[in-house]
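Take a look at the structure below.
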Amino acid sequence: MNKCFYLKMAVGNLRRNKEIYFPYLLASGLMIMVFYTFMLIAGNPGMENIPQSDMIQMIMTIGVWVGAIFSVIFIFYANSFLMKRRKKEFGLYGILGLEKRHVARIMVYETGLAALCAVGGGILIGTVFSKLSFLILLKVMHVTKDSTLIIQLSSVIKTVILFLCIFLLAAVFNLFQIRMSHPIDLMSSKSKGEKEPKGSVVLAILGVIFLGIGYYLALTVRRDMLDLPVMFEAVLAVMAGTYCLFISLSIKILWLLKRNKKLYYKPDNFISVSGLIYRMRQNAVGLASICIICTMIIITLSVTVSFQVGGTDSVKKMVGVDLAVENIPTKEYENLLLNGLKELAPKYDITIERCDVFPDKKFNGFYKDGQITSAYGGMNAEKETVYPPFYNLNLMSAKDYKRITGEEIKPEKNHGVLVMAKENFWQEDNRAELAGEQTLKFYGGKADGGSGGAEEYIDETVIIDGVIYNSPLINDKYVTSSSVYMIVSDEDMVGKLDNCYVGRDYTVAIIEFEGSETDREAFVKELKAPLDATGYAASFRSLEEYKENFFIGYGGLVFMGVMLSILFLLAMVLIIYYKQLSEGMEDRERYQIMLKVGIEEKDIKKTISKQVRTIFFVPLIVSVIHTAAAFKLTSNLISSVMYRNYPLFAGCTVIVVLFAAAVYGAVYGITAKIYYKLIH
């Protein structure tokens, strides 16, 4: 036989089996496109003008790895379905006289043609799509600087090599299956009798245990902790539990229904429950995969939408003010800042609305049982296995408080008033206990003095007169949700309590100003340059710089989230399509048998529809339960980038769940038509 024979056979086979090969090639090509896009951006040398381009490329590199791993899993899953559907055809080749080596050649040609179509199409579409996706990425990151996507040959070569290797491994797996099978076995593989599944008690128990462990880890994690190992363990436990749940526990539940005679011996339930038992055995792994992928889509999109919706507001809450310069070390540095404001404001059409300069005084220490112990002496580390909550308590005199806020507070000597937000959006702390204290004892050494001299040691008790939650300090954005201020009688009291965290004579400047976005950026940039040139490590915190840094970081995460969601969605749609196709082919004979035994067609359709809907929507329901259990973990992940806002996170999650349900229902409607067409 010449090579053209094998090639013609392969082309003919692909054409005859287009209903299973076309979706496979389309989904594979789109997955290659997504991977290729990540690869191009991750190695793009045209991003040099983008600030923090290394961080964006690191995020895209994560996308490359996730895309590669997921593509391997998906292609092998789809390939196993293709082999399952074509076993009878390969067995027929053997009966007609073709040797296994001839069948192997046909399969090699088929796999080669499929690989060329998928990889070539993915690269071609990806080259065009990547340009558009890069522009979208720049838009999401709010980047206006010149930057371009350079198509590198190395990215093309790496993508081609990776996916050709994946297809090659799939071909080797197929050849091994053919080599180890006899043509008669292949021909009769679909005709073998099937025992009624019982379900494994051990697997059912393991499923409950794994899900319990995963849910426990997810629900008991600390609100302020992004513990990636715990998150990974929870994900693995839930995945293992989900597979055990669908493989065994679901069958056990159906068996319990079957034993309920009152429920089971009804016309509709009799056929439905019996059919569902067999369906669960045949589709358990596919249904579990759909459930896990659907959960991944919901969580990925909910995180992405939360970033997009709450990003701008988060930046404002994070920075608090238009410009804050803290830890100002010298009078010369302070004058350089103030003179720069006067000179540059008219140049950039900036209106300075307020500029307050006041002493930068803090007590930096650990809070426990009404005592704040200095971090620079007083804490016995040998006796403390777990450190108490840490506070950076800002100290301010009543005079400075009145000058800044316009409100008058008159605490007596050794008295103070706490000013804080009601809730810390960033992390859990003991502010409720702190606010409930009637006295606070300040104890320990100062940062630059040690604990040797009495003049460098603090031992003061302050009576707390009250707590203010709605202070103009907060309303005017001086206090972020994590800040705690204590207002005391005078500067002398501030000096007694200050443990020199930022130096003895440091000051802080808070500036509010108005101007266009472009002018504000240029104004801040020119104002900062001479301050940086002094070499002092003052903290320069501007809304413009934070916006730039935040939008670049979160924009990269949003882009990766959307791209990975597309990847997961493709896999879910194809798995559902193949499941419906497989069930339609297998149910065709059962449908005819039920007609022959006298069951009316409308009753058959009703029963089958009930089974299909039940099987189809169970993964969606379980995925919503998984998402609810993972809400705390998801919130911690989001809060590592932006401020904590549970109502926003919950709202975005609900919207994404409704969207996912709508897409899932649409996929069901399309694939159900294919199913009903097949059984007829």
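So, with a 1.4 angstrom probe, what is the percent of accessible area on the stretch 3-50 that is carbon and sulfur? Percent of accessible area from carbon and sulfur atoms in the stretch 3-50: 66.
For the pair Gln57 and Asp349, a Förster radius of 45 Å applied to the C-beta separation gives a FRET efficiency near 0.80, rounded to the nearest 0.05. Highest mean packing first, where packing is the average number of other Cβ atoms within 10 Å per residue, the peptides 30-38, 388-396, 523-531, 330-338 line up as 30-38, 388-396, 523-531, 330-338. Here each label is just a point 7 Å from Cα along the line to Cβ, and for Gln438 and Val156 those points are 7.9 nm apart.
When the P(r) is computed for the stretch 476-567, the part past 15 Å accounts for 77% of the Cα-Cα pairs.
Once you divide the Cα radius of gyration of the stretch 293-362 by 2.2 N^0.38 Å, the number left is 1.80. Taking label points 7 Å from Cα along the Cα-to-Cβ direction, Leu658 and Leu338 give a separation of 5.5 nm. Between the beta carbons of Lys399 and Thr518, assuming R0 = 35 Å, the FRET efficiency works out to 0.35 to the nearest 0.05. Of the cross-linked pairs Lys579/Lys673; Lys18/Lys158; Lys331/Lys441; Lys131/Lys158; Lys399/Lys422, those separated by over 21 Å at the C-alpha level are Lys18/Lys158; Lys331/Lys441; Lys399/Lys422.
Protection proxy ranking for 502-508, 357-363, using the average of other Cβ atoms within 10 Å per residue and placing the highest first: 357-363, 502-508. Per-residue surface analysis assigns Arg222 an accessible area of about 120 Å², computed on protein heavy atoms at 1.4 Å probe radius. Ranked by solvent-accessible area (1.4 Å probe, protein heavy atoms only, all chains present), the residues Leu217, Leu135 order from largest to smallest as Leu135, Leu217. In the complete set of protein chains, residue-level accessible area for Val624 is approximately 50 Å², probe 1.4 angstrom.
For Gln371, the residues whose amide H sits under 5 Å from its own are Lys441, ignoring neighbours fewer than 5 places away on the same chain, with H placed 1.01 Å from N.
For the pair the stretch 152-181 / the stretch 622-668, the C-alpha centres are spaced 36 Å from each other. With 0.36 nm allotted per residue and the present C-alpha distance subtracted, the Asp505-Val309 stretch has 66.4 nm of extension available.
The values are calculated or read from the model by the stated rules, or taken from the named source; none is laboratory data. No experiment lies behind these values; they were computed from the predicted model shown. We place every Cβ from the backbone using ideal geometry, glycine too, and count neighbours over all the protein chains shown. Areas reflect the complete protein model, heavy atoms only, side chains present, ligands, DNA and RNA absent. Shrake-Rupley method; radii C 1.70, N 1.55, O 1.52, S 1.80 Å.
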